[in-house]
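Enquirer: Below: one structure in structure tokens.
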Amino acid sequence: MEWEVVIGCEIHTQLATKSKIFSGAATAYGAAPNTQACAVDLGLPGVLPVLNKEAVRMAVKFGLAVDAEIGKRSVFARKNYFYPDLPKGYQISQFELPIVGQGKLAIELEEGSSKTIGITRAHLEEDAGKSLHEDFHGMTGIDLNRAGTPLLEIVSDPDMRSGAEASAYMRKIHSIVTYLGICDGNLQEGSFRCDVNISMRPKGQEEFGTRAEIKNLNSFRFVERAVEYEMERQIAILESGGKVVQETRLYDPDRDETRSMRSKEEANDYRYFPDPDLLPVVVTDEFIEAVRATLPELPDAKRQRYIGELALSEKDAAGLTAANATADYFEALLAASGCEAKLCANWVMGELSAALNRDGLAIEASPVSAAQLGGLLQRIADNTLSGKLAKEVFEAMWQGEGSADAIIEQKGLKQITDSGAIEAIIDEVIAGNAAQVAGYRAAEPEKRGKMIGFFVGQVMKASQGKANPGQVNQLLKSRLDALL
Amino acid sequence: MALDKSDVESIAHLARLAIGEADVPAYAENLSNILTLVEQMSSVDTRGVAPMAHPFEMVQRLREDVVSEENQREHLQQHAPAVQDGLFLVPKVIE
């Protein structure tokens, strides 16, 4: 039987506020345990939550960015469950009336096509604390610094049909929230986490199958792999006549498999009810319009502009606009160098990205600034440097050896473009490789094209990579052909 | 609507309440009575009445995003039964 996978995502984004959603405690990551957990976060008797305006503003900003209906009147509800890192015994969340209603966004797929994914809703809630199960003499340690950090939970429609689509959706949400500046997007620190609901159905069937939920995926790649594993697992169960159990599972990246979490017999019996400690939240049209005025150029619009105005390829434009910081760097480079967009794009997506990856750095922390890289690209544009030499200079700049011009001067890396000088090297190479020259002369004409590569290599080597490769090719060919 | 023994037990479990076996019938009756009252209210025609999320006709006031709380960990942990390295210690929650 042919199966179809149905995927929906719930993404928890920590909002980048300074203080918590319902208290004045700080939200900074990495503080000593429980030093950012005040009486409200601890759920001590007699405290009351007071809603953070910035969290509301950020939620509205997201809603506007995905063309969603903004809930002008939203209500906080209590989601009841017991766990030690949830001191009150309930999480303040939103249930029936969320702040962001139905919206949508487009994801780009490998083949260059795009697909619209519906956003069911997005609601505000508080994060829980952290449980540490390591060595505390059979006890569990609780750090409540994270308790009360504002979260925007973004729920998608069950619109995705492959692991690649789920991963593309997660990337797109990541891109949007970081562009908007409402989330730092740090996957390692847990600022951005994805739960994925996966079910299988026979292709062509309307009705959904029973789903499993994979919790807390914090990498784009893991989402894709978890979906693929889960598809295989569920198909195997269904094809052997079994039934998929509705449950929560965890993905183990080391073993590349999903495992059932401890069974919660009272699963999903959260007994939501409106939180009497909080009044309905009303956002006015003025508030919404003021937020709309702060919306930056979003990734889709930027991508279209790069393709339309800068004549970049779809692939380059998508790569450059995926993260706001990359787009900012690219635009700064374009301005600083005055070079063609294509050259700038090649360097940002090529050499720079490779070096950043290699050293595990974010583009904001690049040791070579956009202005400095611009200086290098100018030397490529004016033919001072060949592409190969430019890479060498870039590496030296990366190591902090100075500006492009200083390194070119110091290492004597100027490209040789003087025909006379190149011809002199060619003559030496021809004189020193009589056997290859004889071979060239004896070869079938159509094979000579390939054979010339040997001579180009020798000339480049003899010039220490400084000869202009285009000129070398041209001069070599006419010199060798003259010998025929 | 009448609740039976297993309903009472599952409600007690959700609320983490230990109740005596002998008290279950009484709880079942009391809780069933509450549901009957709710059913009675449900029978009233409320078309055209907006759902009420809060008894006050007011809206939530918002706070500026300012850190106003200082670290009071030592003070707040004074009454915790067990702490270590700044963490609250609780009975182990996973196997």
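Enquirer: Would you work out the relative contact order for chain A, in percent, from Cα pairs under 8 angstrom that are 6 or more residues apart? The partial results should precede the final answer.
Expert: Numbers: 836 pairs, mean separation 65.0, N = 484.
With pairs under 8 Å counted, the relative contact order is 13 percent.
Enquirer: Still on this structure, please answer the following. Which residues make up the longest stretch of chain A clear of trypsin sites (Lys or Arg not before Pro) that lie in a DSSP loop with no more than 11 other Cβ atoms within 10 Å, not counting the sites?
Expert: In short, A:265-484.
Enquirer: Compute the long axis of helix B:24-42 from its Cα atoms, compare it with the longest principal axis of the Cα atoms of chain B, and write down the angle in degrees, 0 to 90, nearest 10.
Expert: Its long axis makes an angle of about 70 degrees.
Enquirer: Give me the lysines in straight-line cross-link reach of B:Lys5: C-alpha distance below 21 Å, same-chain residues under 8 apart excluded.
Expert: Counting by Cα, and skipping residues close in sequence, B:Lys5 has these lysines nearby: A:Lys264.
Enquirer: Shifting gears a bit: Rule-of-thumb check for chain B: C-alpha Rg over 2.2 N^0.38 Å?
Expert: Details: Rg = 22.5 Å, N = 95, 2.2 N^0.38 = 12.4 Å.
Dividing the Cα radius of gyration by 2.2 N^0.38 Å gives 1.81.
Enquirer: For segment A:179-250 and segment B:1-63, what is the separation of their Cα centres, given in Å?
Expert: For segment A:179-250 versus segment B:1-63, the Cα centre distance is 34 Å.
Enquirer: Could you derive backbone 3J(HN,Hα) for segment B:67-72 from the dihedral phi with the Karplus parameters 6.51, -1.76 and 1.60 (θ = phi - 60°), listing whole Hz in sequence and x where the residue is Gly or Pro?
Expert: Listing the rounded values in order: 6, 10, 9, 9, 5, 10 Hz.
Enquirer: Can you pull the percent of segment A:327-472's accessible area that's carbon plus sulfur, 1.4 Å probe, other chains left in place? Kindly include the intermediate steps, with their values, before the conclusion.
Expert: Details: 3680 of 7190 Å².
With neighbouring chains kept in place, the figure for segment A:327-472 is 51 percent.
Enquirer: What per residue convex hull volume, in Å³, comes out for chain A when only alpha-carbon positions are used? Walk me through the intermediate numbers first.
Expert: Working: hull volume 111.5 nm³, N = 484.
Cα-based convex hull of chain A, divided per residue, equals 230 Å³.
Enquirer: Return the single residue from B:Ser43, B:Ser32, B:Ser68 with maximal mean-square fluctuation; model: Gaussian network over chain B, springs between Cα atoms under 10 Å.
Expert: Per the Cα network of chain B with a 10 Å cutoff, B:Ser68 tops the list.
Enquirer: Enter the accessible area per residue of segment A:64-221 (Å², integer; probe 1.4 Å; all protein chains in place).
Expert: Details: 6030 Å² over 158 residues.
Here the residues of segment A:64-221 average 38 Å² of exposed surface.
Enquirer: Same structure again: Rounding to the nearest 20 debye, state how big the charge dipole of the protein assembly as shown is about its Cα centre with +1 on each Lys and Arg Cβ and -1 on each Asp and Glu Cβ. Walk me through the numbers on the way to the answer.
Expert: Working: 60 positive and 86 negative charges, 299 e Å.
Dipole size: approximately 1440 debye.
Enquirer: Give the percent of DSSP beta bridges with both residues in segment A:181-279 that are antiparallel, rounded to the nearest 5. Don't skip to the answer; put the middle values down first.
Expert: Numbers: 8 of 12 bridges.
Roughly 65 percent of the DSSP beta bridges within segment A:181-279 come out antiparallel.
Enquirer: With a 1.4 Å probe and every protein chain left in place, work out the accessible area per residue of segment B:11-95 in Å², rounded to a whole number.
Expert: 80 Å²
Enquirer: Here's another thing I want to ask about it. Using a cut-off of 16 Å between alpha-carbon atoms, which aspartates and glutamates can reach B:Lys92, once sequence neighbours fewer than 8 places away in the same chain are excluded?
Expert: The qualifying aspartates and glutamates are A:Asp85, A:Glu134, A:Asp135, A:Asp143.
Enquirer: So what J values fall out for segment A:368-385 if you push phi through Karplus, 6.51 cos²θ - 1.76 cosθ + 1.60 with θ = phi - 60°, rounded to Hz, Gly and Pro as x?
Expert: 3J(HN,Hα) across segment A:368-385, in whole Hz: 9, 6, 4, 5, 5, 5, x, x, 6, 4, 4, 6, 6, 4, 8, 6, 5, 10.
Enquirer: So which of A:Lys172/A:Lys243; A:Lys411/A:Lys461; A:Lys104/A:Lys130 end up more than 28 Å apart, counting from Cα to Cα? List each step's numbers first, then the result.
Expert: Numbers: A:Lys172/A:Lys243 33 Å; A:Lys411/A:Lys461 16 Å; A:Lys104/A:Lys130 32 Å.
Too far apart for the 28 Å limit: A:Lys172/A:Lys243; A:Lys104/A:Lys130.
Enquirer: Using a 1.4 angstrom probe on heavy atoms only, work out the carbon and sulfur share of the accessible area of segment B:25-82 in %.
Expert: Working: 2850 of 4990 Å².
Using a 1.4 Å probe with all protein chains present, segment B:25-82 comes out at 57 percent carbon and sulfur.
Enquirer: Which parts of segment B:27-64 would a label at B:Ala2 reach, counting a residue when its backbone N lies under 16 Å from a point 7 Å out along Cα-to-Cβ?
Expert: B:27-37
Enquirer: If you count only protein heavy atoms with a 1.4 Å probe, what accessible area per residue comes out for segment A:354-439, rounded to a whole Å²?
Expert: Working: 4230 Å² over 86 residues.
With all protein chains present, segment A:354-439 gives 49 Å² per residue.
Enquirer: Still on this structure, I have one more. So how do B:Phe88, A:Phe330 rank on accessible area, 1.4 Å probe, biggest first, that is with the largest at the start? Before the final figure, lay out each step's value.
Expert: On the way: B:Phe88 35, A:Phe330 0 Å².
Heavy-atom accessible area, descending, gives B:Phe88, A:Phe330.
Enquirer: Taking amide H positions as placed 1.01 Å from N in the peptide plane, with prolines and chain starts having none, which residues 5 or more places from B:Ala82, or on another chain, fall under 5 Å of its amide H?
Expert: B:Leu89
Enquirer: Using θ = phi - 60° and the Karplus form 6.51 cos²θ - 1.76 cosθ + 1.60, what ³J(HN,Hα) does each residue of segment A:64-76 get, whole Hz, x for Gly and Pro?
Expert: Result, rounded to whole Hz: 5, 5, 10, 6, 8, 6, 8, x, 5, 10, 10, 10, 8.
Enquirer: Amide H of A:Ile119 versus every other amide H placed in the peptide plane: which residues, excluding those fewer than 5 positions away on the same chain, fall under 5 Å?
Expert: Here the answer is A:Gly103, A:Lys104, A:Leu105, A:Asp157, since their amide H atoms fall under 5 Å of that of A:Ile119.
Enquirer: Here's something else I'd like to know. Of all DSSP beta bridges located in chain A, what percent are antiparallel, nearest 5? Intermediate results must be reported in sequence, preceding the final value.
Expert: Numbers: 53 of 58 bridges.
Antiparallel bridges: around 90 percent, rounded to the nearest 5.
Enquirer: Of all GluC sites (Glu not before Pro) in segment B:18-72, which ones are in loop regions per DSSP and have a Cβ with at most 15 other Cβ atoms within 10 Å? Write out the running numbers ahead of the final one.
Expert: Working: sites: B:Glu21, B:Glu29, B:Glu39, B:Glu57, B:Glu64, B:Glu69, B:Glu70; in loops: B:Glu57, B:Glu64, B:Glu69, B:Glu70.
Those that pass, being in a loop and sparsely packed, are B:Glu57, B:Glu64, B:Glu70.
Enquirer: Calculate, axis by axis, the spread of Cα positions in segment A:4-133 along the three principal axes, and write the results as whole Å, longest axis first.
Expert: Sorted from largest, the Cα extents of segment A:4-133 read 53, 37, 27 Å.
Enquirer: In deg cm²/dmol, rounded to 500, what helix-only [θ] at 222 nm does chain A give when every DSSP H run of at least 4 residues adds -39500 (n - 2.57) and the total is split over its residues?
Expert: On the way: 16 runs with 194 residues, N = 484.
The helix-only estimate for chain A comes to -12500 deg cm²/dmol at 222 nm.
Enquirer: If one takes the accessible area of chain B alone plus chain A alone and subtracts that of the pair, with a 1.4 Å probe, what total in Å², rounded to the nearest 100, results?
Expert: Adding both sides of the contact gives about 3900 Å².
Enquirer: Whose amide H sits under 5 Å from the amide H of A:Phe273, counting only residues 5 or more places off or on another chain, with H placed in the peptide plane?
Expert: A:Arg78
Enquirer: In whole Å, how far is the Cα centre of segment A:413-464 from that of segment A:362-391?
Expert: So the two Cα centres are separated by 29 Å.
Enquirer: Roughly how tilted is helix B:5-14, in degrees to the nearest 10 and between 0 and 90, from the longest Cα axis of chain B?
Expert: The helix B:5-14 is inclined about 20 degrees to chain B.
Enquirer: Restricting to DSSP loop positions (anything but H, G, I, E, B) with no more than 14 other Cβ atoms inside 10 Å of their own Cβ, which GluC sites (Glu not before Pro) remain in segment A:394-484? Don't jump to the answer; show the numbers that get you there.
Expert: Numbers: sites: A:Glu395, A:Glu401, A:Glu409, A:Glu423, A:Glu428, A:Glu446; in loops: A:Glu401.
Filter output for segment A:394-484: A:Glu401.
The values are calculated or read from the model by the stated rules, or taken from the named source; none is laboratory data. Fair warning: this is a prediction, and the values are worked out from it, not measured in the lab. All Cβ positions, even for glycine, are placed from backbone atoms using ideal geometry, and neighbour counts span all protein chains on display. With ligands, DNA and RNA removed, areas are computed over all heavy atoms of the protein, side chains included. Shrake-Rupley method; radii C 1.70, N 1.55, O 1.52, S 1.80 Å.
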